[in-house]
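So the structure is just underneath, and the comments pick up after that.
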Amino acid sequence: MERTYIMIKPDGVQRGLVGNIVSRFETKGYKLSAMKTKMASKELLDQHYKDLVEKPFFPKLREYMMSGPVVCMVWEGKEAVTTGRKMLGATNPLASEPGTIRGDFCIEVGRNICHGSDSVENAEREIGLWFEEGEVLDWESHSKDWIYE
Ligand code: GTP
Ligand code: MG
C-alpha cells in the first residue's frame, strides 16, 4: 500500500492542532505506520526542501520550521499521497477549501500548519530522511476489511 509523509509544522503543534490532524487521517481510514516529535535541524530541512533552497523565502521557511517541535508521521493506504494533499488543502491557506486542514485552521502561506508529500517518489525520500530504519512499522489493521472492499 502507498505511504505518504505528513508533518505537523511548529505552528500546528503550538496551536494544539495535533489531535485534530491525526484524527482526520485516522477517521478517513488511513493507517498510522509511524509517528514522533522532533526538532528539525538545518541540514535536514535543506535536504527536505532541496528544491526550495534558492527561493527568497527559504531562510524564513527554515527559521519557521526550526522554531519548535514538529510531528512526523507516515500514513498508509490507497492513494495516500494524492488524498493526503487534498486533505491538507492548497499551499496558500486563503485558497484552501473549507473542510481541508489549511482551509479550516490558517491564513498565511508562511504559517500553513502541515506538510504532505507531493509524489510517491518524494514520499519515499522524505520518509527516509525523517525516520530511522525500523521506526516505520508494518502492521495489520483490524478494520481493513471495513475500509477496503
Ligand atoms: P508542503 O506540503 O509544506 O511541501 O507545501 P506545498 O507542497 O504545498 O508547497 P511547496 O512545497 O511549494 O512549499 C513548501 C512550503 O514552503 C509551503 O508549505 C510554505 O510553508 C512555504 N512556502 C511556499 N511558498 C512560499 C512563499 O511564497 N512564501 C512563504 N513565506 N512561504 C512559502
Ligand atoms: Mg511541497
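Just so you know, all these numbers are worked out from the coordinates, no wet-lab data involved. Since the model is a prediction, treat every value here as computed from it, not as a measurement. Heads up, the Cβs are rebuilt from the backbone with ideal geometry, glycines too, and the neighbour counts pull from every protein chain shown.
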Task: Only one of 11, 46 that is over 20 Å from residue 129 (Cβ atoms), within 14 Å of ligand 1 (Cβ to nearest atom) and charged (D, E, K, R) - done: 11
Task: Subset of the stretch 100-129 (residues that are of a type in the set (D, E, K, R), more than 12 Å from ligand 1 (Cβ to nearest atom) and farther than 17 Å from residue 40 by Cβ) - done: 104, 121, 124
Open item on the list: If a residue must be touching a Gly at 6+ places or on another chain (Cβ under 8 Å), over 25 Å from residue 39 (Cβ atoms) and outside any loop (DSSP other than H, G, I, E, B), how many such residues does the stretch 105-149 contain?
Closed with: 1
TODO: Any chance you could count how many residues in the stretch 49-78 are of a type outside the set (A, V, I, L, M, F, W, C), in contact with a strand residue (DSSP E or B) (Cβ under 6 Å, 6 or more places away or on another chain) and within 15 Å of ligand 1 (Cβ to nearest atom)?
DONE: 0
